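As structure tokens, the structure follows; a few thoughts come after it.
What follows draws every value from the coordinates through simple rules; no lab data is involved. Not measured: the values here are computed from a predicted model. Cβ atoms come from the backbone with ideal geometry, glycine included; neighbour counts cover every protein chain shown.
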């Protein structure tokens, strides 16, 4: 009997948020993977009704909707995010030694999104699905949902070295699933070094990069009034993403611009895309455009000198790979092993650890070898981040059977 006559496996992706309007790395990853697996499997998404993570307020009204052929089941958030309680619990855990499983579980519930109905649904409907795919380790749905279906669980932790990954509430979690998918070798090495879970079946599978058929850099410049050379940041504008340091470094770079190579046509500019969760300096050369359509994002990336990602905590970074696919070099925080690894393997980017090395990276791009950075960046993505390879690796993983 051919594959086309077999009943498709029913798989559920679990993520804390899901929707076209949602701005987030693991959320974007979930949407893309769901889209690329729906031809082979009956795919659903189980998620909250929240749009943003700052308050976890319900935004979506429907309990069930369809997005691009994917059924999305949404569950209401019982409690809004209380940052005061979360900070208090963090102090008790990290400074006063109250790091018990119960205390860190309480912290996780305060982190949210607190969606017990979603967790209950997973438990009561476990027999209706063949596989549950939990994307990102940090939030309540994965922490409390996975333990109900561990024999059917695939875990995509998107893990990196940050303070809360050392909390006890996460220790058991990394030993629960049947299978783990890591996004990079650096992520795998970090997780196995911390949790010693090497015996769990695992694969390192990246993600494919989708680009529009056509980009128009002049369209972007006209629409937003951008002139001259610019570097671009695309993502959540947040202290946790390193944006405070990014703005401080750019302010200093702009003040010293006459000393640097990028000083023509008004000097270097910084274009910032994404929803903001912090104040942005009121500087002439900083252009905050907010959350923009994908067309504008790709146009903006393609016209930039480079993409800048200042985050210390990344498990893959889709924006870095998108920029490289568009033949743009990247400048990244060298304290993040994943981002530094992209640059080392590709030769299509540079990294820094302080202001001086950031300024040096900017100078290196202007020092005659710029076209080589662009070519190497594009070649890296074409070699390692193609959708046909990604989906085939996922099919092998999902079709190889589970012990439960």
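Numbers at a glance
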| item | result |
| --- | --- |
| Taking the range 1-103 and dividing mean pair separation by its residue count, relative contact order in percent (alpha carbons under 8 Å, at least six apart) | 22 |
| Reduced Cα scattering model of the range 307-362, Debye log10 I(q)/I(0), q = 0.15 Å⁻¹ | -0.33 |
| At R0 = 60 Å, FRET efficiency that the Cβ-Cβ distance of residue 389 and residue 282 yields, to 0.05 | 0.85 |
| Length added when fully stretched, residue 164-residue 21, from 0.36 nm per residue minus Cα-Cα | 48.8 nm |
| Fraction of beta bridges assigned by DSSP in the chain that are antiparallel (%, nearest 5) | 10 |
| Mean separation of Cα contacts under 8 Å (6+ apart) over length of the range 54-110, as relative contact order % | 28 |
| Spin-label pair residue 120/residue 379, simplified geometry with 7 Å Cα→Cβ offset, distance in nm | 5.7 |
| Net length gained if the chain between residue 211 and residue 199 were fully extended (0.36 nm per residue, minus Cα distance) | 0.7 nm |
| Sorted by Cβ neighbour density within 10 Å, fewest at the top, the residues 214, 221 | 214, 221 |
| Candidates 283, 273, 51, ranked by Gaussian network fluctuation over the chain, Cα under 10 Å, top entry | 283 |
| Spatial separation of Cα centroids for the range 279-352 and the range 183-240, in angstrom | 8 |
| Tensor-based shape of the range 146-208 (alpha-carbon gyration tensor, a/c under 1.5 rounded, otherwise prolate or oblate) | oblate |
| Inter-probe distance in nm under a simple model that places probes 7 Å from Cα toward Cβ, at residue 100 and residue 260 | 5.2 |
| Rounded FRET efficiency, nearest 0.05, which uses the C-beta distance separating residue 127 from residue 63 and R0 of 25 Å | 0.75 |
| Relative contact order of the chain, defined on C-alpha pairs under 8 angstrom at six or more residues apart (%) | 13 |
| Angle in degrees between helix 387-399 and the longest Cα principal axis of the chain, rounded to the nearest 10 | 20 |
| Neighbour-count order for 170, 355, 182, fewest beta carbons within 10 angstrom listed first | 355, 170, 182 |
| Residue 40 versus residue 6: modelled label distance in nm, points set 7 Å from Cα along the beta carbon direction | 1.1 |
| Order of 88, 307 under a 10 Å beta carbon neighbour criterion, fewest first | 88, 307 |
| Expected-Rg normalisation [2.2 N^0.38 Å, Cα atoms] applied to the chain | 1.00 |
| Extension gain, residue 227 back to residue 147 (0.36 nm per residue minus Cα-Cα distance, nm) | 23.5 nm |
| Gaussian network model of the chain, Cα within-10 Å springs - most flexible of 177, 281, 116 | 281 |
| Rounded if a/c under 1.5, otherwise prolate or oblate - the range 107-177, Cα gyration tensor axes | oblate |
